[in-house]
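Following: one structure in structure tokens, then a few remarks.
All of the numbers you see were taken from the coordinates with simple rules; none came from a lab. The structure presented is a predicted model; accordingly, all values stated were derived computationally and were not measured. Every residue, glycine as well, gets a Cβ built from its backbone with ideal geometry; the counts of neighbours run over all protein chains shown.
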Amino acid sequence: MEKFINKKTVRILYFGTPDISAIVLENLIIEKYNIIGVVAQVDKEHDRKGRLISVPTKVIAQKYNIPVFQKEKIRTDFEFIKDLKPDIILTMAYGQIMPHNLLMIPKYGCFNLHGSLLPKYRGAAPIQFALLNGDNETGVTLMEMVDKMDAGKMFYKKVVPIDDNDNYSSLKIKIAKCCFDVFDDGIEDVLNKKNLGIEQNEKEITFTSKINTELERLNFFEESCKIKNIIRALSYEPGTHFVYHNVKFKVFKVEDFKTSKICEPGTIIKYDKNGFCISTSDGYLSILELQKPGKNRMDFKSFYNGMQHYFKVGDKVE
């Protein structure tokens, strides 16, 4: 009889970089999983004083005195992993392709937490694409890692509802919580071979790509619903914007309306204390949250109190 493998005692080497991954990592640490090290992308961003900013997973690892390893190119610099003797590797939004020989190191294998219901939305931006496409649900898949992007066997899935008010910032929090739940609920059966996984249906595969920066500038010649979904997918970071009198205004939340009476797209059709509306190809958008350069993000009522005479009905934004 094979020895039972306890999920809380296996030696986990965690791969991840951004804030969503840091949330998952901290939940694992708090719940007493045995995280022996964290592998993250190198620090690249700087603060206003020119100092390097630690990536989010590094901050969490150092908070709990867990060793951190940052490699420019993990595909050519992974021999250190052998010395760590991990039982499993767990990744969530790491940011680099891991080579076959690395995947062969852990005793029980390598696993990934992917922010979609595979085989839908393989690739780099599954959360954003669910919002871009106006989906009403997404989820998380615990999967086997292979040397092909998001192509391994699926072990466990859980659905995450998408509310109409969700944007990327709120949905990624839901996904992060779900990632922990999926791992916590599913990994022990996988380790003990009670769950052998299933292959992905090749006919159902869809792919995502990195978000094109061109999406950040709003195109009011699109349909209202499509523009709203772009805003949701890019809020709060990096945010979308329009330009008026050579000033860039960021937009974070809108309500979309269809109407048969259509002005030329981009026309300001209302600007008073009761609302700010801009025409689109099939109706208009009511601007609910926005930001002027140098100011904080605010709801329209707060914005209007300080900018009552700035926008003029009939003018166009770009």
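Here are a few things to note about the model shown:
- Fully extended contour minus Cα-Cα distance, from K273 to E222, at 0.36 nm per residue: 15.7 nm
- Electrostatic tally near S21: other residues with Cβ closer than 11 Å to its Cβ, Lys and Arg +1, Asp and Glu -1, net 0.
- The alpha carbons of the chain give a radius of gyration and a Dmax of 22.7, 78 Å, in that order.
- Highest-first packing order for the peptide set 105-117, 44-56 is 105-117, 44-56, based on the mean count of other beta carbon atoms within 10 Å.
- Pairs exceeding a 29 Å alpha-carbon distance, out of K63/K250; K3/K120; K270/K292; K153/K174: K63/K250; K3/K120.
- Taking the DSSP bridge list for region 1-128 and keeping only pairs wholly inside it, about 5 percent are antiparallel.
- Sorting M98, M104 from the fewest to the most surrounding beta carbons within 10 angstrom yields M104, M98.
- Counting DSSP beta bridges with both ends in the chain, the antiparallel % (nearest 5): 70
- Rounded to the nearest 500, the helix-only mean residue ellipticity at 222 nm of the chain stands at -7000 deg cm²/dmol, with each DSSP H run of n ≥ 4 adding -39,500 (n - 2.57).
- Ordering S21, S235, S286 by the number of other Cβ atoms within 10 Å of each residue's own Cβ, fewest first, gives S286, S235, S21.
- Ordered by the count of other Cβ atoms within 10 Å of each Cβ, fewest first, T76, T240 give T76, T240.
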